[in-house]
Amino acid sequence: MSDFWIILTGSLVASCCAILGVFLVLRKMAMIGDAISHSVMPGIVIAFLLSGSRDSVLMMFAALAFGLLTTFLIQMFQQSGIQSDASIGVVFTALFAVGVVLVSLFARQVHLDQDAILYGEIAYVHWNIWELGGVNMGPRAVWLLGFTLMVIVAVISLFYKQFKLCAFDPALAAAIGIPVAIFHYLLMGLVSMATVSSFESVGAILVVGLLIIPASTAYLLTERLGMMIGLSIGVGIASTVLGYLAAKMLDASIAGCIVCAAGVLFALALLFSPSQGIVAKKLRLRKLAA
C-alpha cells in the first residue's frame, strides 16, 4: 500500500508543477521557480515558530507571502536596472540565508532542518496520516497536494485565455486591458503554493526539477499550449513512476530518481522530437543536401 501512496503523492506533485512549469518556460522565467523554492524557507520557519506545528495553515500563507515578496523584489531590482539573472540570484540567496540562520538559531532541536526542507523524503509520506473524527483519511500530503492541484486547475481554467496571452504576448495583453501584473503575481502565488505543498514530500530543490523539466520536454514536442500542458503532466507522472521503480531497484533517493527520470525523458525528446529534435534536424539537413 505504501507504494501506491508514494506514487500518488509524486504524481500529484508532478501534476501541480507541470501545469505551472509550462507558463514559466513560455515566459522565460524558469529560474523564478528556483528562487521561490529557496526563498519560502524564512516563511516556513517563521510560521513554525509562531504556531509550533509543521502542519499549520499559517505555514502555507507565510510561504505564499514570501514567494510573492521574492517576485516583488526581483521585479523591483529589474526595474532599477539590475539584470534579471543577478536580481534572481541576489533575492533568493539572501532570503534563503535568512531562513538558514533562523533554523540554526531557533529550530535546531526540532525536525525542521535544511535537509528536510531541501530534499524531503517521499518514502515516509504514508506515515503522516490525517485523522478526521478518529477515521484514517490517508496521508496528509495527498490531501494537501490534491487541494493545491484543484486550486491550480481552477485558476488556470478560469483565466486560461488571459494566462495564454500574457505568456505569448504580454504587450498585446496590456494593450487590450488585461492586468498583466495581477496575473503575473497570481502565477507566482500558485508557484509558491505548489512549492510549499510539495517541499515535505520531495523537497524544495527537487520541486524545481519537476517545475521545469517536464514543461521543457513538452515544449520540444508541441507548439499548442493545451497539448503542451497535457504532455507536461504526462511526462511528470511518467517520471514519478519510472523514478520510483529505479529507486527501488537501486535503493537510492526516490525524489532524486524521479528528477533523473525526468531528465532522461527530456534527453529523449531533445534527440528524437519530430519538429525540434537533434536527429530530426540532422535528417532534414541530409535531405536538403541530397
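What follows draws every value from the coordinates through simple rules; no lab data is involved. Given the structure is predicted, the values throughout are model-derived calculations rather than measurements. For neighbour counting, all protein chains shown are included, and Cβ atoms are generated from backbone atoms with ideal geometry for every residue, glycine included.
Using a 10 Å cut-off on Cβ atoms, rank the peptides 227-234, 188-195 from the highest mean neighbour count down.
188-195, 227-234
Per Stokes-Einstein, at 4 °C and 1.567 mPa s, what whole-number D in µm² s⁻¹ belongs to region 183-278, with the Kirkwood radius over Cα pairs as the hydrodynamic radius?
For the chosen part, D equals 93 µm²/s.
Taking 0.36 nm per residue of sequence separation and subtracting the Cα-Cα distance, how much length would be gained by fully extending the chain between residue 105 and residue 84, in nm to one decimal?
Full extension of this stretch gives 4.4 nm more.
Could you calculate the FRET efficiency of residue 176 with residue 28 from 1/(1 + (r/R0)^6), where r is the beta carbon distance between them and R0 is 22 Å, rounded to 0.05? Write out the running numbers ahead of the final one.
Details: r = 22 Å, r/R0 = 0.99.
After rounding to 0.05, the efficiency reads 0.50.
How long is region 2-211 along each principal axis, judged by its Cα atoms, biggest number first, in Å?
Answer, in whole Å and largest first: 55, 38, 26 Å.
Mind listing the long-range amide H neighbours of residue 138? Cut-off is under 5 Å, sequence gap 5 or more, other chains count too, H placed in the peptide plane at 1.01 Å from N.
Residues meeting the criterion, in which the H sits 1.01 Å from N, are 130.
Can you tell me, using C-alpha contacts under 8 Å and at least 6 residues apart, the relative contact order of region 194-287 as a whole percent?
Values: 103 pairs, mean separation 24.6, N = 94.
It comes to 26 percent, rounded to a whole number.
Let's see if you can work this out: charge +1 on each Lys and Arg Cβ, -1 on each Asp and Glu Cβ, no other charges. What is the dipole magnitude of region 127-251 about its Cα centre, in debye to the nearest 20?
About 200 debye.
Return the single residue from 173, 238, 47 with maximal mean-square fluctuation; model: Gaussian network over the chain, springs between Cα atoms under 10 Å.
173
Which value, in debye to the nearest 20, describes the size of the charge dipole of the chain about its Cα centre when Lys and Arg Cβ atoms bear +1, Asp and Glu Cβ atoms bear -1, and nothing else is charged?
1140
Report the gain in length on full extension from residue 169 to residue 61: 0.36 nm times residue separation, minus Cα-Cα distance, nm rounded to one decimal.
35.8 nm
For region 42-105, evaluate the Debye formula with one uniform point scatterer on each Cα (no solvent term) and list log10 I(q)/I(0) at q = 0.29 Å⁻¹, rounded to two decimals.
With no solvent term, the Cα-only Debye profile gives -1.13.
How far, in nm, would the chain grow between residue 289 and residue 224 when pulled straight, counting 0.36 nm per residue and subtracting the alpha carbon separation?
The residue 289-residue 224 span can extend by a further 20.4 nm.
Name the residue farthest towards the positive end of the dipole of the chain from the options 7, 288, 239, assuming +1 on Cβ of Lys and Arg, -1 on Cβ of Asp and Glu, about the Cα centre.
288
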